[in-house]
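Below you'll find the structure, written out as structure tokens, and then a few comments.
The values are calculated or read from the model by the stated rules, or taken from the named source; none is laboratory data. Owing to the predicted nature of the structure, the values given are computational and were not obtained by experimental measurement. Here Cβ is always computed from backbone atoms with ideal geometry, including for glycine, and neighbour counts include all displayed protein chains. Note: accessible area is taken over every heavy atom of the protein model, side chains too, but ligands, DNA and RNA are not part of it. Shrake-Rupley method; radii C 1.70, N 1.55, O 1.52, S 1.80 Å.
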Amino acid sequence: MTADLPEPLLAYFAQREQQRAAAVAAFLDSLSDYERGLFYDAAVMGYVRGSMHPQGEEIPLKAAIVADVVNACFAHSDLYPAVNAEFEERRVVVDYFLQCQQDDGTWETASSYMDALDWATERLAGKRAKFPDFTWRLARRTTTVTVEAQRNEQP
């Protein structure tokens, strides 16, 4: 069937396929090892569970699908290590900070980081009152800290 298509169109399809492959590789490269592992485990298990779904039966809601995939990953812990990973420590740190819009439309950080939302909101109100000609906003930075022990096995 593709032999009937003009050569420029076939070249375009090949180029787009390369672009999609590069975009996929860039996305996966942007993930941490743990995130990449989770994505891999969930994608593979989702595909497996989806291929097992009986034809003609209603597809469950998203939450039920996610629960089914996670439960199946738990049941096969050796095949899905990222979902079943154990960590020495895992915590989420949330910081708030103020930003001021520049003439070119970009946003610049205009305060230190604060861990209390009420304090950050007060600081924002103060900046708006003191500098009413500027455009201000409150920004949030969320950092997930994961401490995973490395196994150094001796030969």
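Does Pro81 satisfy the criteria of being loosely packed, with under 10 Cβ neighbours inside 10 Å, at pLDDT 80 or above, over 30 Å from Ser112 (Cα atoms) and not charged (D, E, K, R)? Taking the combined requirement at face value, the residue does not satisfy it. Only residues that are open to solvent by 40 Å² or more (accessible area, probe 1.4 Å) and without any contact (Cβ under 8 Å) to a residue 24 or more places away in the chain were counted across the stretch 86-106, and they come to 5. Does Asp29 qualify as being assigned to a helix (DSSP H, G or I), open to solvent by 100 Å² or more (accessible area, probe 1.4 Å) and touching a Lys or Arg at 6+ places or on another chain (Cβ under 9 Å)? Yes: the conditions hold for Asp29.
Of everything listed in (1) among the acidic types (Asp, Glu); (2) open to solvent by 80 Å² or more (accessible area, probe 1.4 Å); (3) in contact (Cβ under 8 Å) with a residue 12 or more places away in the chain, the single unmet condition for Asp68 is (2).
Among the residues that make up the stretch 6-26, is at least one of them closer than 30 Å to Arg90 by Cα, open to solvent by 80 Å² or more (accessible area, probe 1.4 Å) and either touching a Cys at 6+ places or on another chain (Cβ under 8 Å) or acidic (Asp, Glu) (or both)? Within the stretch 6-26 (the criterion being closer than 30 Å to Arg90 by Cα, open to solvent by 80 Å² or more (accessible area, probe 1.4 Å) and either touching a Cys at 6+ places or on another chain (Cβ under 8 Å) or acidic (Asp, Glu) (or both)), the answer is no, since none of the residues qualifies. Could you tell me which of the residues Tyr47, Tyr40 is open to solvent by 70 Å² or more (accessible area, probe 1.4 Å), part of a helix (DSSP H, G or I), farther than 30 Å from Leu117 by Cα and touching a residue at least 40 places away in the same chain (Cβ under 8 Å)? Answer to the check: Tyr40.
Scanning the stretch 99-136 for residues being among the small types (Gly, Ala, Ser) and in a helix (DSSP H, G or I) gives a total of 4.
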